Amino acid sequence: MNPPHAPGPARFFRGRFRGGRPNYFFKRNGRTIPAHSTVAGGYSRRGGRGGAAVPAANTSQAPFVPPCSYLRPQFYAAPEDAGQQVSSIAVETPMLCPGWRLYFYKESYEESNVLNARLKLLETHYNNNVAHYDFLNIQRQGFFKLNANILQQDEQLKSEWPTLMDDMLVRPMRTLATFALAMHSLATMASIDVSLSQEQSTRDHYVPKIIKPRKIYARPMGFMAERPMDIVGSLEVDQLYCVRGVVTCVGPVDASATWIAYRCGRCKQEQALRQGGFHVVRPYSCKRQGCLAKAGFGEIRSSPFTRITPKQMIRITESRLDLSLHSEIQAKHTLDVELRHDLVDTISLGQEVVITGILRVRPLQEQQECDQYAAFAGKMEIFMKATTIVDAKEVNHPFSEKDIEAITTINGENDSFKLLVNSLAPEVFGYELAKAGVFLSLIGGAGSQVHDEDEINVLLVGDPGVGKSNIIQMCSKISLKGSLVQAKRGASSNNKKLTISVKGRSNHILECGGLLESRHSHCSIDDIDRLTTQMESFMNVLQIQSTCLAYPFMFSSFSTPTCVIASANSMRGHYDQSKMLTDNIRIPAHLLNEFHLVFLLLDKPNKEMDTSLSEHIRAVHRGAKKNAAIANRFDQKIKTNNSMNMTLDDDDDNTDDYDLGERLKIKPEEENEIDLLPVILLKKFIAYSRQQVRPMLTDEASEEIKHFYMDLRQQSENSLYSISSGHLAGLIRLCQARARIDFSREVTKLHVNDVVSIVKQSNVDMALGDYIDINPATTARASVGQRSTNPSSQGNVRKFIQMLQMRSSALSRRIFEFDELKDMARRIGISCGVTNLIDVVNLQGILLKKGPNMYEVMSDY
């Protein structure tokens, strides 16, 4: 019967065979699928690939129906795989190469073939490099690592196979099969020699029954550099490709029989049939010439040609350094990867991996099989068949010569810390210490000899419109594998959860959230106070650095060593400085203790600050602070000092007058001189410092950290916020991050001074309103909304003096402006008569007027 020339619009068709019995078939997704009918011999025409049939349930007498090739499912094979895509093979074991049919299905073994000469050449290479190839272990594991560096060191292999590297890139499947077949012969013979230790094993003894041969797979490494994902669609299939990404989606493991071996009941000839679909494909004829057997084939489950293949689908998100960053495009490139055999279940959610594989086009039949997994359905036309998976921790990020020169030039700046801090969200002005703390968090600590923890959690709290979201978005761009969670956009537009979620029709596909996606990196959370439903899981991540997924028939635990940089707005739209921090935001106090740095970004009216801010905005928009390529400025002198503290000397122990915030500010005369760094260069600088520098603490720096920590513990006795050992670990990581910026191998005292200034500012911001809460007796009359009737009374003067001493000790400075003194009075409930109050304290000799609107607090009071 011939297929219809022009099928009509009807879904079902009816044809008639020569036997007179009608047969129904229909069209689905462009394929012709036969209906259920029986033919002679008790076989159903509803079969698998290659036209093979399956036994019918009813074996009654039926007229003979000739085979019809157009009713069989078609094969949509890739160009190189078309030669290997066969439905059945005859099992042959050549004496000189017994495992030939395990790797080459269609080609016949010929001793004079070029492929045979390459097999002998590879066997010689393996025998000459037994230190890199353990045959017994390879035979037991079923795979071996194929390092390109080792192959390039073999001069004989390079001379006799000059196109090896090109063949690996262009024809990877055939080349890998050649390497695996040569290793299969040696590994099998090594296993036989161990098993038959009392007998002399030769090539004539293939495989005794005590040895179970396995197909061995080659895992190539180092043949190709990392490539971008955005050009995958324009490449040819069946090419070797290498990508770096984060595992964001993991599907279930599906194990099925891909090949089943059968033995003919008459002539005992063995053959193997490829399986596919949901039905078992059985042979309908014998492969031996002259044998007319049509039935009576028995399965050989112990045959090496009967293979059960585990398979798993994952999805990775690109995480290269030179990834293009655009504010308009928030989505990253993704690629679906298929894992088979020993690669299954070797990765976890949130893990950064470097995968080398072969680009493939999925056949239509396999696309329909994947429809049950909604996460991968409809997007599997182009995918990668993984051959090697390496943890990204073992593979450093590549840096070009231009990158090294640009990073060296940044390190050679007169004040590189100032340049880096101002390049972070340059549109945000006036919060240099907060930006410095955030940048230290992005650099991260170097860990210790026991742990590699480098988490530095930072929280930004303040009024709306001060630039918190800009800092958060910039952090997600310049961190290595950072993720962004924006809670203010709501659940409808922000589907990313913090930890883990399940999806798919059967809810068996795991998808990682923001915290899990940024493992060993940074998760930027905007408006964390709105994530009230996920606050408990977020607390577990910060405290024990792990999260669990409890689901019906599924339970898993994941490690989440993630650093968090978050922002939160005040509950009433404007920060109330007369109240405590916990009364202004929807974050509990026990969660605040998990943040190492907490900064307040308040919108306070200040004439000098407003003037500087307007000039800064004008300079940014007119291009004075342009993102120039600093790599072109290589003529600057490289610094000789590891630290950038230009104010203090090593022998100077008086750090009270040291003001890091003033040093980090861009002065008016520097507006046109400083060139801020672009985003991509900031990201590469952070990656290079985290990858290359691991500073250690010196004895002097350790003593400074110890003294400062003891002072914090003593001050915490009169505060509602406790200082624990976690804050001491945070101090050490901050100092290590400060040393990393200077590429210093040691943490010096000057690095500790910078960190102390940042931590003091954070503690002052957290202590706003703390004085009122711990002194309720003296502040009963200065409640919220109530004005003091006698500002110069003894009680208000005493409270104001205590506030002056507390702020002077916390900020390590004695000079304050009039606006700052007015702000201190407002915090203790004094809203009027501030000028008279300052005059009273001035007459007492506690405040000395140093100039217009400038006052100095006397330390000997």
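The values are calculated or read from the model by the stated rules, or taken from the named source; none is laboratory data. Note that the coordinates shown come from a computational prediction; the quantities given were computed from them, not determined experimentally. All Cβ positions, even for glycine, are placed from backbone atoms using ideal geometry, and neighbour counts span all protein chains on display. Accessible surface is based on the protein model in full, side chains and every heavy atom, while ligands, DNA and RNA are left aside. Shrake-Rupley method; radii C 1.70, N 1.55, O 1.52, S 1.80 Å.
Can you tell me the order of 411-420, 474-483, 133-142 when each peptide is scored by its average per-residue count of other Cβ atoms within 10 angstrom, highest first?
Descending packing order for the listed peptides: 474-483, 411-420, 133-142.
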HN-Hα J couplings of the stretch 345-362 from phi, Karplus 6.51/-1.76/1.60, θ = phi - 60°, integer Hz, Gly and Pro as x? 6, 9, 10, 9, 4, x, 7, 8, 10, 10, 10, 10, x, 10, 6, 10, 10, 6
Mean accessible area per residue over the stretch 247-293 (1.4 angstrom probe, all protein chains present, square angstrom) is 49
For a quick protection proxy, order the peptides 530-538, 391-399 by their average other-Cβ count within 10 Å, most packed first. 530-538, 391-399
Only sites in a loop by DSSP and with at most 14 other Cβ atoms within 10 Å count here; which GluC sites (Glu not before Pro) in the stretch 669-710 make the cut? GLU673
Sorted by average packing, counted as other Cβ atoms within 10 angstrom per residue and highest first, what order do 102-111, 728-737, 549-558, 799-808 take? 728-737, 799-808, 102-111, 549-558
